[in-house]
Amino acid sequence: MISHLLAAATMWGIGTAPQAMDHSQHRPTSASAGDAETQMSEHAPDKAPAHHPSPTTPDAVHAHPSGVSGAATSATCPPEHAAMGHCSPQRVDPPSAVSEEASGTALAAGNAQAPAAPDAKYADRVWGRAAMLAARETMRTEHGGMSFSQTMLNLAEVQVRGGAESYHWDGEFWYGGDLNRLTVKTEGEDTFREKAAGEVQALYSRAVGPYFNLQAGIRQDFVPGPDRTYITVGFEGLAPYWFDVEGAVFLSNKGDVLGRLEGYYDQRITQRLILQPRAEVNLAAQDVPRNRIGSGLTDAEVGLRLRYEIVRELAPYVGVSWEREFGRTARFSRASGDRTGGLSFVAGVRAWF
């Protein structure tokens with residue numbers, strides 16, 4: 001009975017030591033015993049142990065030798081051979097990182113001077129620098145260096161007020177470029193029975209921004225009374241929300257100081273039908289009795305005109321205009337038997353070219 005139990009235990013491996021790995025399977029089957037010994041001596045390390053150690057556990061059979069890392073080993077000694085004691089691996093250090101000089105956005109922040117911009121005049125390589133100078137000058141002229149001109153007739157209308165008729169004009173001409181211009185302005189009115197009263201201004205206009213110009217020059221009046229010549233300083237431009245505004249201060253050859261401020265806004269109802277509210281006020285720093293002008297706010301005009309643009313350059317219009325004189329200016333007019341203002345119906349044309 002005991003003999004049967006020992007035989008079963010031997011069959012199932014119970015109570016027996018683990019078997020050492022048989023290395024005979026690594027030997028060539030067709031080689032002789034002498035060749036096998038020669039091959040074993042080639043694979044063996046210089047100081048190989050006399051006998052292979054027998055592992056005590058199955059996991060220990062495939063364990064690496066002490067001090068051997070599986071991450072970096074010699075190519076001539078694979079890990080499986082080193083585990084079986086056929087060779088001693090040599091550790092291979094990874095190649096050192098190659099240091100590259102920083103450039104571009106990898107550079108540290110500093111205060112070094114920026115490199116010069118390249119001179120992108122590649123046509124010079126083909127045609128030569130001298131031949132391209134004239135072409136570049138033409139390009140600069142056509143892209144902002146040219147001179148232009150425009151004649152604008154803002155108002156050219158007939159006013160009907162209480163059975164009396166009169167006409168009124170307001171126009172401007174300018175010639176020049178984007179920065180410097182010569183500007184000529186004129187405005188006035190007449191009642192068809194008296195000599196026309198008007199003025200002409202010759203101004204130098206200088207752009208001080210994308211939307212405004214400063215102006216300075218001479219103003220000459222043509223009125224029934226004594227004429228006056230003024231030094232003029234003013235501005236004109238496009239205010240926020242698309243309001244066209246204009247203002248000026250006038251100093252006469254007699255020392256009189258006058259001022260003017262006007263503006264208008266184009267409210268588009270359609271692409272061709274436009275409603276334009278317009279306002280103008282005039283001021284004086286002192287009385288000018290010979291011209292029937294009183295100090296302070298002298299007069300104001302508020303109008304509403306509806307125009308139809310047949311083309312952009314030509315637009316007939318109709319509307320209403322309210323005018324009124326104030327203060328001592330109104331007193332001078334009453335003393336002369338003239339009206340101080342009122343409501344007028346207007347019809348005219350706006351044109352430019």
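Quick notes on this structure:
- Where the stretch 130-175 is the region considered: accessible area per residue in Å², 1.4 Å probe: 60
- Length gained on full extension, Val311 to Phe235: 24.5 nm, using 0.36 nm per residue less the C-alpha separation.
- Linear extension gain, Ala285 paired with Thr105, 0.36 nm per residue minus alpha-carbon span: 58.4 nm
- Per-residue surface analysis assigns Val200 an accessible area of about 60 Å², computed on protein heavy atoms at 1.4 Å probe radius.
- Ranking Arg339, Arg260, Arg272, Arg305 from most to least accessible surface, computed with a 1.4 Å probe over the protein chains only, gives Arg339, Arg272, Arg260, Arg305.
- Among the protein heavy atoms, those of Trp174 account for about 40 Å² of accessible surface (1.4 Å probe, every chain in place).
- Structural descriptor for the stretch 292-353: relative contact order 39 percent, calculated from alpha carbon pairs under 8 angstrom and at least 6 residues apart.
- Its relative contact order, with pairs defined as Cα atoms under 8 Å and 6+ residues apart, puts the stretch 232-320 at 19 percent.
- Paramagnetic label zone (point 7 Å from Cα along Cα-to-C-beta, Leu275; backbone N under 12 Å) in the stretch 294-315: 304-307
- Peptides ranked, highest mean first, by Cβ atoms within 10 Å: ranges 154-160, 116-122: 154-160, 116-122
- Accessible area in square angstrom per residue, the stretch 229-353, 1.4 angstrom probe: 56
- If R0 equals 41 Å, the separation of the Cβ atoms of Arg136 and Leu214 corresponds to a calculated FRET efficiency of about 0.85.
- Here the stretch 183-236 exposes an accessible surface that is 65 percent carbon and sulfur, computed with a 1.4 Å probe and the other protein chains kept in place.
- Model label sites at Trp242 and Ala114, defined 7 Å from Cα along the beta-carbon direction, differ in position by 3.7 nm.
- On the stretch 237-283, 64 percent of the accessible area sits on carbon and sulfur atoms, based on a 1.4 Å probe.
The values are calculated or read from the model by the stated rules, or taken from the named source; none is laboratory data. These numbers were taken from a predicted model, which means no experiment stands behind them. Ideal geometry is used to build each Cβ from the backbone, glycine not excepted, and the neighbour counts take in all protein chains shown. Keep in mind that these areas ignore ligands, DNA and RNA; they rest on the heavy atoms of the full protein, side chains included. Shrake-Rupley method; radii C 1.70, N 1.55, O 1.52, S 1.80 Å.
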